[in-house]
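The values are calculated or read from the model by the stated rules, or taken from the named source; none is laboratory data. Remember, it's a predicted structure, so these values are computed and weren't measured experimentally. Note: ideal-geometry Cβ built from the backbone for every residue, glycine included; neighbour counts use all protein chains shown. We work out accessible area using only protein heavy atoms, side chains counted, and drop any ligands, DNA or RNA first. Shrake-Rupley method; radii C 1.70, N 1.55, O 1.52, S 1.80 Å.
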Amino acid sequence: MAETTQPRIARHKAYYTELEEGRTYLWCRCGRSRSQPFCDGSHRGTDFLPVRHVAAVKGEEVLFCGCKHTKTPPFCDGSHNNLLADYPEDDPGSEANRAIPEVPCGEGGRSILNGGCYVFSTERAPKHERGGLRWCTVIGPELGSIHQSQFHFETGGAGDPPVIAFGERDVVLFVTEGEAEVTISGRTFAAKTHSGVYVAPGEAFRVTGPGDGGGAPVKFLASACPRASAPEWLDRMPDNFDAAHPERVVPLDPAQRQGMANRYFQMLVDRSVGSEVVTQFIGHIPLSKAEPHRHLYEETLIVLSGAGCMWTENLKAPVEAGDVIFLPRKQLHSLEATSPEGMLVVGTIYPGDNPAINY
Ligand code: FES
């Protein structure tokens, strides 16, 4: 009975496919086709029918589900990650991996890997000063990004921290150190260490330590999407807070963790606080090296704790707390945690809403 009512797993990951505009595709739902990910008629006698998809856009890039357990057929939704007890791993000590050289940290605090991927040291990077803020660009068009930008900020200098804006972009903050007060277009929120914060398009923000600009220094990163070359500095705080989304700060909450094989993650900034196209999450990587894979979104990873190594096709670079990893779309990569306690990382994906999707 189960032979005809259960889908077969064709493979444990998605099939990347570039579609031809106007063409109809029949995705195999039963998993029995020998022409994966497409139907070859092998579903006859089972309870399954193929799913039709018509490509609406020239050059549309999709990930057809290969495990046949997706809840968003015909496309991958990350369900394949939970069909195995352990996240697929790679052996860092294999002969091929042992031959891969480590790249040194270069000018500006960057270790540059294949395909424009890099590791950025926020500690070593030179900083600009603006009011009471020290800041630097971590990701942006000048450093090779197509979609995202990200900036590192530290409060605690002389003068009041300035008001920052990024025009009509979605902005996602993450507090890496200190207890922050974040004022968004006139509305003030408390944001503890390791909280995510959403700033809507057109709004502006200021980050201080608690107590009207005093208190211990705060370190935070701001991702602006689509990409921006630099922050805009405003003379005064606007009062255009978007009250349609009154909740903006998302703290760490172990009760909100979602399992992904032997890993877990918690969504921080997503649609629940009004962010439609940029998604921020925090995830734990156990002592291991992930199987090399790719994503269709651009991604940044802030390393919060632990140490490890970022691998691309034939280069690798060490990573430690305080580093940021930039990953271009479709770049083959593998992040290895080398600390016994694993690594804690914060990811920002754009455009995208599901960090579990990979291929
Ligand atoms: S391959 Fe099936 S959900 Fe990803």
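Is it true that some residue in the stretch 115-123 is buried (at least 19 other Cβ atoms within 10 Å of the Cβ), in a loop (DSSP other than H, G, I, E, B) and within 16 Å of the ligand (Cβ to nearest atom)? Checked the stretch 115-123: no residue is buried (at least 19 other Cβ atoms within 10 Å of the Cβ), in a loop (DSSP other than H, G, I, E, B) and within 16 Å of the ligand (Cβ to nearest atom). Among the residues of the stretch 320-332, those identified as under 14 Å from the mean Cα position of the chain (by Cα) and open to solvent by 30 Å² or more (accessible area, probe 1.4 Å) are Arg329, Lys330. Residues of the stretch 195-217 that are at pLDDT below 95 and of a type in the set (A, V, I, L, M): Ala216 alone. Out of all the residues in the stretch 65-80, is one or more touching a Phe, Trp or Tyr at 6+ places or on another chain (Cβ under 6 Å), within 12 Å of the ligand (Cβ to nearest atom), outside any loop (DSSP other than H, G, I, E, B) and open to solvent by less than 30 Å² (accessible area, probe 1.4 Å)? Scanning the stretch 65-80, I find no residue that is touching a Phe, Trp or Tyr at 6+ places or on another chain (Cβ under 6 Å), within 12 Å of the ligand (Cβ to nearest atom), outside any loop (DSSP other than H, G, I, E, B) and open to solvent by less than 30 Å² (accessible area, probe 1.4 Å), so the answer is no.
Okay, residues lined up against (1) under 21 Å from Thr137 (Cα atoms); (2) of a type outside the set (Val, Ile, Thr):
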{"position": "His194", "(1), (2)": "yes, yes"}
{"position": "Phe205", "(1), (2)": "yes, yes"}
{"position": "Thr208", "(1), (2)": "yes, no"}
{"position": "Val218", "(1), (2)": "yes, no"}
{"position": "Ala222", "(1), (2)": "yes, yes"}
{"position": "Ser229", "(1), (2)": "yes, yes"}
{"position": "Tyr264", "(1), (2)": "no, yes"}
{"position": "Leu301", "(1), (2)": "yes, yes"}
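Having 3 or more residues that are touching a residue at least 24 places away in the same chain (Cβ under 8 Å), out of contact with any Asp or Glu (no Cβ under 7 Å at 6 or more places or on another chain) and under 19 Å from His152 (Cα atoms) is the bar; report the strands (runs of 3 or more DSSP E) wholly within the stretch 167-272 that clear it. The strands (runs of 3 or more DSSP E) meeting that bar are 170-177, 180-184, 196-199, 204-208, 219-225, 232-234. Somewhere in the stretch 333-350, is a residue within 28 Å of His69 (Cα to Cα), open to solvent by 10 Å² or more (accessible area, probe 1.4 Å) and in a loop (DSSP other than H, G, I, E, B)? The answer is no; no qualifying residue exists. Residue check: Glu107 meets all listed conditions (1) under 26 Å from His147 (Cβ atoms); (2) surrounded by fewer than 20 Cβ atoms within 10 Å (Cβ to Cβ); (3) touching an Asp or Glu at 6+ places or on another chain (Cβ under 8 Å); (4) free of Cβ contacts under 8 Å to residues at least 12 places away in the same chain but one, namely (3). The set of residues in the stretch 235-292 that are surrounded by fewer than 18 Cβ atoms within 10 Å (Cβ to Cβ) and among the polar types (S, T, N, Q) comprises Asn240, Gln256, Gln258, Asn262, Ser272. Residue-level analysis places Asn97 outside the set of residues that are closer than 20 Å to Glu336 by Cβ and within 16 Å of the ligand (Cβ to nearest atom).
The condition of being more than 30 Å from Ser121 (Cα to Cα) and within 16 Å of the ligand (Cβ to nearest atom) holds for only one of Val57, Val62, that being Val62.
Consider Val303 carefully, then state whether it is open to solvent by less than 10 Å² (accessible area, probe 1.4 Å), over 14 Å from the mean Cα position of the chain (by Cα) and closer than 19 Å to Ile112 by Cβ. Judged against the criteria, Val303 is not a match. The requirement of being open to solvent by less than 40 Å² (accessible area, probe 1.4 Å) and either closer than 23 Å to Gln266 by Cα or out of contact with any Phe, Trp or Tyr (no Cβ under 8 Å at 6 or more places or on another chain) (or both) is satisfied by Ala191.
Do the conditions hold for His69, that is, is it more than 33 Å from the chain's Cα centre (by Cα) and touching a residue at least 12 places away in the same chain (Cβ under 8 Å)? No; evaluated as a whole, the condition is false for this residue.
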